[in-house]
Amino acid sequence: MIKVLLAEDVHMIRGALAALLNLEPDIEVVAEVAAGDEILPAALRTRPDVAVIDIDLPRKDGLAAAGEIHHRVPACRTLILTSLGKPGTLRRALSASVSGFLLKDAPADELANAVRGVAAGRRVVDGDLAVAAWGGSECPLTNREVEVLRMAADGKDPTDIATSLSLSLGTVRNYLTTSVSKLQGRNRLDAIRIAREAGWL
């Protein structure tokens, strides 16, 4: 039996996904959570084989949570389920050591097959997205620049970001200025828009 942890913040979607997976004779949903910061505690408690994680979750990004699982519960593989079908998003997912990446509009039977594939140790990636990623452009930002810009996109001001990341205020401002320049944005909001559209945030 493949034990699954399901992380999705929209209650109706989470319930539908859990119902679909529980219909499979070899899959059992052992935990359901609605926020990113609930994923690791649930994984430590239930020890699932696969965590199916929405990329855009409140309180903690799904990819950040997947990275935590990779380090703290290495036997649990992660499958990102998202509506953000952009090449940059796939690259972020692969750099976070996730095992699979599936779009939410994929046929229902593909989810169960993706869970089985990931549980068996295979990397499962949506075919169309993989082709797009092959030819897509690389993110020009460093990992730290992406992290700072993502926090700014979440509404944190430079002082909050500096405190959260144990950086000086000047360093945070430099990261934001450099990000705007690298993305050729008019300002910080424009840089956030450009990065989101490319799937880099």
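All of the numbers you see were taken from the coordinates with simple rules; none came from a lab. Quick caveat, the model's predicted, so the values are computed rather than measured. No Cβ is skipped: glycine too gets one built from the backbone with ideal geometry, and neighbour counts run over all protein chains shown.
Against the longest principal axis of the chain, how steep is helix 11-22, in degrees 0 to 90 to the nearest 10, with axes from Cα atoms? With rounding to tens, the tilt is 40 degrees. Selection among 106, 64, 20 by position relative to the dipole of the chain gives 64 as farthest towards the positive end (Cβ unit charges, Cα centre). So for the chain, averaging the separation of alpha carbon pairs under 8 Å that are six or more residues apart and normalising by length, what relative contact order in percent results? About 16 percent, as a whole number. Using every pair of separate Cα atoms, the Kirkwood estimate puts the hydrodynamic radius of the chain at 17.5 angstrom. Once the Cα-Cα distance is subtracted from the 0.36 nm per residue extended length, the residue 97 to residue 163 segment shows a gain of 21.0 nm.
Relative to the longest principal axis of the Cα atoms of the chain, the long axis of helix 169-182 lies at roughly 80 degrees. The listed peptides 171-179, 105-113, ordered by packing as a protection proxy, come out as 171-179, 105-113 (highest mean of other Cβ atoms within 10 Å first). With runs of 4+ DSSP H residues as the only contributors, calculate the mean residue ellipticity of the chain at 222 nm using -39,500 (n - 2.57) per run, divided by the residue total and rounded to the nearest 500. Calculated at 222 nm, the ellipticity per residue is -15500 deg cm²/dmol. If the segment from residue 56 to residue 44 were pulled out straight at 0.36 nm per residue, it would be longer than the present Cα-Cα gap by 2.2 nm. The label-point distance for residue 71 and residue 138, in a model that sets each label 7 Å from Cα toward Cβ, rounds to 2.4 nm.
In nm, to one decimal, how far is the residue 106 label point from the residue 197 one, both placed 7 Å along Cα→Cβ? About 2.8 nm, to one decimal. Sorting the Cα pairs of the range 143-198 by distance into bins of 10 Å, from 0 upward, gives 27, 60, 13 percent per bin. Treating the angle as unsigned and between 0 and 90°, give the value, to the nearest 10°, between the Cα long axis of helix 108-119 and the longest Cα principal axis of the chain. Between helix and principal axis, roughly 80 degrees.
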